[in-house]
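Enquirer: This structure is in structure tokens; I'll ask about it shortly.
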Amino acid sequence: MDSIVALFLAVPALFLVAGLIVIAVSLAGSFRRRYALRGWVPAQALVTGNLRGVDGPASNGLNRFAPSYEFQDSHGLRWLGQSDVYGPEQEIIGTRIPVLYNPANPAESTRPVFVISRGSLSVGLILAIFGAGGTAMFAAVFL
């Protein structure tokens, strides 16, 4: 009987752990990006166009856009940039958007966004909620 109780507690707990691991992996890229962009200078850029394309192996390539933009560095020099982050909406040409640029090489610039793998995060949340609920339910029944 004790092995059955342990099994009913261990299986949902494994789902909880697996969900937390998937959540951590999905957020790790965002924190690596934020760490890599430390020290970059914020600027306002003028949108000059939009590039249509794909943003990853799971993308269907439809309706994904990355803005092209022009910004000035701290010395007043004008630079052109292309976002490496694709989104579902086109930016309106002529509007201002925030960008970050590398002060050592202003040709390196990007948008200051927090990129999350939504699919992985969703799966991780579902696993974690299912695991936590199952563990709590079986713990309340058996303990």
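The values are calculated or read from the model by the stated rules, or taken from the named source; none is laboratory data. Because the structure is a prediction, the values reported are computed rather than measured. Every residue, glycine as well, gets a Cβ built from its backbone with ideal geometry; the counts of neighbours run over all protein chains shown. The accessibility values were calculated without ligands, DNA or RNA, using every heavy atom of the protein model including side chains. Shrake-Rupley method; radii C 1.70, N 1.55, O 1.52, S 1.80 Å.
Enquirer: Grab the beta carbon distance between GLN90 and PHE114, set R0 = 25 Å, and tell me the FRET efficiency rounded to 0.05.
Expert: 0.75
Enquirer: Oh, and also: If you plug each phi of the stretch 128-134 into the Karplus form 6.51 cos²θ - 1.76 cosθ + 1.60 with θ = phi - 60°, what whole-Hz ³J(HN,Hα) values come out, in order, with x for Gly and Pro?
Expert: Karplus values, whole Hz, x for Gly and Pro: 5, 5, 4, x, 5, x, x.
Enquirer: Taking 0.36 nm per residue of separation and subtracting the Cα-Cα distance, what length does fully extending VAL141 through LEU125 add?
Expert: Net length gain for the segment: 3.4 nm.
Enquirer: Related question: Starting with the highest mean, order 71-77, 111-117, 45-51 by the number of other Cβ atoms within 10 Å, averaged over the residues of each peptide.
Expert: Per-residue Cβ counts within 10 Å, averaged per peptide and sorted highest first, yield 45-51, 111-117, 71-77.
Enquirer: With every protein chain kept in place and ligands, DNA and RNA left out, what is the accessible area per residue of the stretch 1-117? Probe 1.4 Å, answer in Å².
Expert: So the stretch 1-117 comes to 63 Å² accessible per residue, rounded to a whole number.
Enquirer: Please give the calculated 222 nm ellipticity per residue for the chain, where each DSSP H segment of at least 4 residues contributes -39500 (n - 2.57) and the sum is spread over every residue; nearest 500 deg cm²/dmol?
Expert: Mean residue ellipticity, 222 nm, calculated: -15000 deg cm²/dmol.
Enquirer: For LEU100, what charge total do you get from the other residues with a beta carbon under 12 Å from its beta carbon, if Lys and Arg give +1 and Asp and Glu give -1?
Expert: Surrounding charge for LEU100 is +1.
Enquirer: Using the Cα atoms of the chain, I'd like the radius of gyration and the largest Cα-Cα distance, Dmax, both in angstrom.
Expert: My reading of the Cα-based Rg and Dmax gives 22.2, 75 Å.
Enquirer: Any idea how far apart LEU77 and ARG33 come out in nm if each label point goes 7 Å out from Cα toward Cβ?
Expert: With each label placed 7 Å out from Cα toward Cβ, I get 2.7 nm.
Enquirer: How many angstrom separate the Cα center of the stretch 90-107 from the Cα center of the stretch 1-26?
Expert: 44
Enquirer: Can you check what the Kirkwood hydrodynamic radius comes to for the stretch 76-143, Cα pairs only, in Å to one decimal?
Expert: Final number for the Kirkwood radius of the stretch 76-143 is 16.4 Å.
Enquirer: Can you pull the percent of the stretch 62-143's accessible area that's carbon plus sulfur, 1.4 Å probe, other chains left in place?
Expert: The value for the stretch 62-143 is 63 percent carbon and sulfur by accessible area.
Enquirer: What number, in percent, do you get for the relative contact order of the chain if the mean sequence gap of Cα pairs under 8 Å and at least 6 apart is divided by its residue count?
Expert: Relative contact order of the chain: 35 percent.
Enquirer: Among TYR35, TYR86, TYR101, determine the one that fluctuates most according to a GNM of the chain built with springs between C-alpha atoms less than 10 Å apart.
Expert: TYR35
Enquirer: What are the ³J(HN,Hα) values, in whole Hz, obtained from phi via the Karplus relation 6.51 cos²θ - 1.76 cosθ + 1.60 with θ = phi - 60°, for each residue of the stretch 104-115 in sequence order, with x given for Gly and Pro?
Expert: 6, 8, x, 5, 8, 8, 7, 8, x, 10, 9, 8
Enquirer: What does the charge dipole of the stretch 15-143 about its Cα centre add up to, to the nearest 20 debye, if the Cβ of each Lys and Arg holds +1 and the Cβ of each Asp and Glu holds -1?
Expert: 160
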